[in-house]
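Data first, discussion second: the structure below is written as structure tokens.
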Amino acid sequence: GAVVSQHPSWVICKSGTSVKIECRSLDFQATTMFWYRQFPKQSLMLMATSNEGSKATYEQGVEKDKFLINHASLTLSTLTVTSAHPEDSSFYICSARPWRTYNEQFFGPGTRLTVL
Amino acid sequence: AQSVSQHNHHVILSEAASLELGCNYSYGGTVNLFWYVQYPGQHLQLLLKYFSGDPLVKGIKGFEAEFIKSKFSFNLRKPSVQWSDTAEYFCAVTREYGNKLVFGAGTILRVKS
């Protein structure tokens, strides 16, 4: 149980294009999902917290107009990187917190984004 | 701001050696503590967690961790490592009932067979 999937697992795009990454909780409902970014040889940095049916809460320094988050259902959150540039190349990981739990998160496998 | 420190970025051990990975956090209130593992090419998996109660926590695959409140530490241990334990290990902390998981920088463990 508690499986989280991400799609796509990797994507290569041209500079200036937008890329959408999906995060799904497959066997549980998640009122809260989280988006992280992991730079090479560094830890995960929380980008934003996404609550179903409401606006995402972004961490300091994260551009909300660049990283659009939508959490339209209890099992799906999407992250859209708008007008991507090479510096947006990174590993993006989502996690989902099951309904009625406070502190446990289950992680997706991540999406490798490369912007040319 | 809350922070998590992992003392070693790279650790190399031979099989059957004992392992201890250090983790210290800076937050002074009640915390929940986690160790995650990321095997090569795989996603983060929970090894063990501490919310309350017995400060010695046992996790999967023979791992355990001890919460020492006075030292703000949550060190990960395993008495005898195996080649399959080669992975990156992350310590993470969240405030009680809090949303935000704060991760340490990670420790890459390589076990030589």
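B:Thr94 satisfies every condition listed in (1) within 14 Å of chain A (Cβ to nearest Cβ); (2) within 11 Å of the chain's Cα centre (by Cα) except (2).
Condition check ((1) of a type in the set (A, V, I, L, M, F, W, C); (2) away from every other protein chain (no Cβ under 14 Å)) across all residues:
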{"site": "A:Glu63", "(1), (2)": "no, yes"}
{"site": "A:Lys66", "(1), (2)": "no, yes"}
{"site": "A:Leu74", "(1), (2)": "yes, yes"}
{"site": "A:Leu79", "(1), (2)": "yes, yes"}
{"site": "A:Pro86", "(1), (2)": "no, yes"}
{"site": "A:Phe91", "(1), (2)": "yes, no"}
{"site": "A:Ser95", "(1), (2)": "no, no"}
{"site": "A:Phe106", "(1), (2)": "yes, no"}
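Restricting attention to region B:82-91, does a residue exist that is within 13 Å of another protein chain (Cβ to nearest Cβ), over 30 Å from A:Asn51 (Cβ atoms) and in contact (Cβ under 8 Å) with a residue 40 or more places away in the chain? Looking through region B:82-91, none of the residues is within 13 Å of another protein chain (Cβ to nearest Cβ), over 30 Å from A:Asn51 (Cβ atoms) and in contact (Cβ under 8 Å) with a residue 40 or more places away in the chain. The requirement of being of a type in the set (Ser, Thr, Tyr) and surrounded by 22 or more Cβ atoms within 10 Å (Cβ to Cβ) is not satisfied by A:Ser54. Scanning region B:17-26 for residues that are surrounded by 15 or more Cβ atoms within 10 Å (Cβ to Cβ) and either within 11 Å of chain A (Cβ to nearest Cβ) or more than 13 Å from B:Gly104 (Cα to Cα) (or both) yields one hit, B:Leu19. Only a single item in (1) over 15 Å from the mean Cα position of the chain (by Cα); (2) within 12 Å of another protein chain (Cβ to nearest Cβ); (3) in a strand (DSSP E or B) is not met by B:Gln42, and it is number (3).
Take the conditions in a strand (DSSP E or B) and either under 26 Å from B:Trp83 (Cα atoms) or touching a Phe, Trp or Tyr at 6+ places or on another chain (Cβ under 9 Å) (or both) and apply them to B:Asn8. Does it pass?
Values: in a strand (DSSP E or B): no; either under 26 Å from B:Trp83 (Cα atoms) or touching a Phe, Trp or Tyr at 6+ places or on another chain (Cβ under 9 Å) (or both): yes.
Considered against the rule, which asks whether it is in a strand (DSSP E or B) and either under 26 Å from B:Trp83 (Cα atoms) or touching a Phe, Trp or Tyr at 6+ places or on another chain (Cβ under 9 Å) (or both), B:Asn8 comes out as no.
Here is a check on your reading of the model: is B:Lys78 surrounded by 21 or more Cβ atoms within 10 Å (Cβ to Cβ), under 15 Å from B:Leu19 (Cβ atoms), more than 14 Å from chain A (Cβ to nearest Cβ) and not hydrophobic (A, V, I, L, M, F, W, C)? If you could, list the steps in order and put the result at the bottom.
On the way: surrounded by 21 or more Cβ atoms within 10 Å (Cβ to Cβ): yes; under 15 Å from B:Leu19 (Cβ atoms): yes; more than 14 Å from chain A (Cβ to nearest Cβ): yes; not hydrophobic (A, V, I, L, M, F, W, C): yes.
Yes: the conditions hold for B:Lys78.
Tell me, yes or no, whether region B:84-95 has at least one residue that is at pLDDT 95 or above, in contact with a strand residue (DSSP E or B) (Cβ under 9 Å, 6 or more places away or on another chain), surrounded by 21 or more Cβ atoms within 10 Å (Cβ to Cβ) and farther than 12 Å from B:Phe34 by Cα. Looking for residues that are at pLDDT 95 or above, in contact with a strand residue (DSSP E or B) (Cβ under 9 Å, 6 or more places away or on another chain), surrounded by 21 or more Cβ atoms within 10 Å (Cβ to Cβ) and farther than 12 Å from B:Phe34 by Cα, one finds none in region B:84-95, hence no.
One residue stands out in region A:60-116 among those that are under 14 Å from A:Val11 (Cα atoms) and of a type in the set (D, E, K, R): the one that is surrounded by the fewest Cβ atoms within 10 Å (Cβ to Cβ), namely A:Arg112.
The values are calculated or read from the model by the stated rules, or taken from the named source; none is laboratory data. No experiment lies behind these values; they were computed from the predicted model shown. Here the Cβ is made from the backbone with ideal geometry for all residues, glycine too, and neighbour counts use every protein chain on show.
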